[in-house]
Amino acid sequence: MNLTVLHQLTQEIIDAIGNKQPLLAKKRVDEAEQLLNQLTDFCNNNDELVELSKYQTLISLLQNKLK
């Protein structure tokens with residue numbers, strides 16, 4: 001499983017929020033959610049699911065920050 005891209009997207013969301021670029025942040029949130037869904041669908045290890053759930057929670061919190 002490749003968490004590097006997910007980590008990078010999450011960091012870009014945080015940076016965009018910090019730089020007051022809500023449109024970019026929303027775009028990255030959508031991309032991250034799609035990637036999370038794909039990774040979750042093909043995940044076959046409980047440890048990987050736990051790691052993905054951490055990212056899912058963080059991205060949800062960041063998305064709420066944008067509202």
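Every read-out reported here was derived from the displayed coordinates using simple, explicitly stated rules and does not represent laboratory data. This structure is a prediction, so every number in the text was calculated from the model and none was measured. Heads up, the Cβs are rebuilt from the backbone with ideal geometry, glycines too, and the neighbour counts pull from every protein chain shown.
What to note about this one:
- Residue among Leu35, Leu52, Leu23 with the largest mean-square fluctuation in a Gaussian network model of the chain, springs linking Cα atoms under 10 Å: Leu23
- Of Ile14, Asn37, Tyr55, farthest towards positive along the dipole that unit charges on Lys, Arg, Asp, Glu beta carbons give the chain: Ile14
- Taken over the chain, lysine pairs spaced eight or more positions apart, or on distinct chains, with alpha carbons under 16 Å apart number 6.
- Charge sum, other residues only, whose C-beta stays under 14 Å from Pro22's C-beta, Lys/Arg counted +1 and Asp/Glu -1: +3
- Magnitude of the charge dipole for the chain, about its Cα centre and with charges confined to Cβ atoms of Lys, Arg (+1) and Asp, Glu (-1), is about 460 debye.
- Over the chain, relative contact order from alpha-carbon pairs under 8 Å, at least 6 apart, %: 38 percent
- Helix axis angle, 22-41 relative to the chain longest principal axis, alpha carbon, degrees: 10 degrees
- Helix axis angle, 4-18 relative to the chain longest principal axis, alpha carbon, degrees: 20 degrees
- Calculated [222 nm] ellipticity per residue, helices only, for the chain: -28500 deg cm²/dmol; basis is -39500 (n - 2.57) per DSSP H run with n ≥ 4, divided by all residues, nearest 500.
- Checking every one of the trypsin sites (Lys or Arg not before Pro) in segment 1-55 against DSSP loop status and a limit of 14 other Cβ atoms within 10 Å picks out Lys20.
- Spatial separation of Cα centroids for segment 1-33 and segment 36-67, in angstrom: 13 Å
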